[in-house]
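A short write-up of the structure that comes next.
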Amino acid sequence: MSALRKPTVQDTVRYTYADYCNWDDDEKWELIDGVPYAMAAPSFSHQSASRDIAFQIHQFLRGKKCKVLYAPLDVRLNADTLDNTVVQPDILVVCDESKIDKAGLVGVPDMAVEILSPSSSSHDMIRKYNLYMRAGVREYWIVDPELQTVVTNILEDGRYIRKDYEKPEVVPISVLEGCTVDLAEVFVE
């Protein structure tokens, strides 16, 4: 595919990471099972929540093996097989540094966080939920800055177990024993 032609969800062609690397950098895309999905620019509340969650995790991880990373960063979930899935979680935690390369993350992160925007909520709550569960992401958070809530999904026996939190609760991170995120610090009015 030429960098000049924009991919669309309606394309019958399935793309790979090699195709994705040749697309125009002026637009942001995710590639799921070879299908391209355009990404919208995040809102202020989206970016604020992302910053505050990442900061709390970063503070906990100082001097520890695991790393917190944030978008934009390419995560190639199936690079060892079809290499046709590239996502950019808003926040991710990775405890195996060998998965990090100069272009992003090659493999499955331990934790992924998606912060909802009106234009991406079904993409994050359905498509990426199923993708992350299938890929084996051990913990997946869905953050709603408008409702000031967090839904945690913890992988057990190949299925996500859901738990809901709202401001001012403190949310434990199961993949990082002892780490919590204080929602009163995330959703500051």
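Only the coordinates and a few stated rules stand behind these numbers; no lab work does. Since the model is a prediction, treat every value here as computed from it, not as a measurement. Neighbour counts are summed over all protein chains in view; Cβ atoms, including those assigned to glycine, are modelled from backbone coordinates with ideal geometry.
Miscellaneous remarks
- Relative contact order for segment 42-186, counting Cα pairs under 8 Å that sit 6 or more residues apart, in percent: 19 percent
- Largest first and in whole Å, the equivalent-ellipsoid semi-axes of segment 138-187 read 20, 13, 7, each the square root of five times a Cα gyration tensor eigenvalue.
- Shape box of segment 12-126 [Cα atoms, principal axes, largest first, Å]: 44, 34, 26
- Coupling constants for segment 72-78 follow from the phi torsions by the Karplus curve (6.51 cos²θ - 1.76 cosθ + 1.60, θ = phi - 60°), and in residue order they are x, 8, 6, 10, 8, 5, 10 Hz; glycine and proline get x.
- Amide H contacts for Ile32 (H built 1.01 Å from N in the peptide plane; partners 5 or more residues away or on another chain; cut-off under 5 Å): Tyr37, Val86.
- Amide H contacts under 5 Å for Asp182, placed H, 5+ residues apart: Val171
- For the chain, taking a cut-off of 4.7 Å between Cβ atoms, the unpaired cysteines are Cys21, Cys179.
- Translational diffusion of segment 101-155, estimated by Stokes-Einstein from the Kirkwood radius over alpha carbon pairs at 37 °C in a medium of 0.692 mPa s, is 278 µm² per second.
- Whole-Hz couplings from phi, Karplus 6.51/-1.76/1.60, listed for segment 87-96; x for Gly and Pro: 10, 10, x, 4, 9, 8, 10, 10, 10, 10
- For Lys102, the lysines whose Cα comes closer than 20 Å to its Cα, not counting residues fewer than 8 places off in the same chain, are Lys28, Lys65, Lys67.
- A convex hull fitted to the Cα coordinates of segment 42-186 yields 109 cubic angstrom per residue.
- For segment 128-143, 3J(HN,Hα) computed residue by residue from phi via the Karplus equation (6.51, -1.76, 1.60; θ = phi - 60°) reads 6, 4, 5, 4, 5, 5, 4, 6, x, 5, 5, 9, 10, 9, 10, 9 Hz, glycine and proline entered as x.
- Between Gln88, Gln59, Gln47, the GNM of the chain built on Cα springs shorter than 10 angstrom shows Gln59 fluctuating the most.
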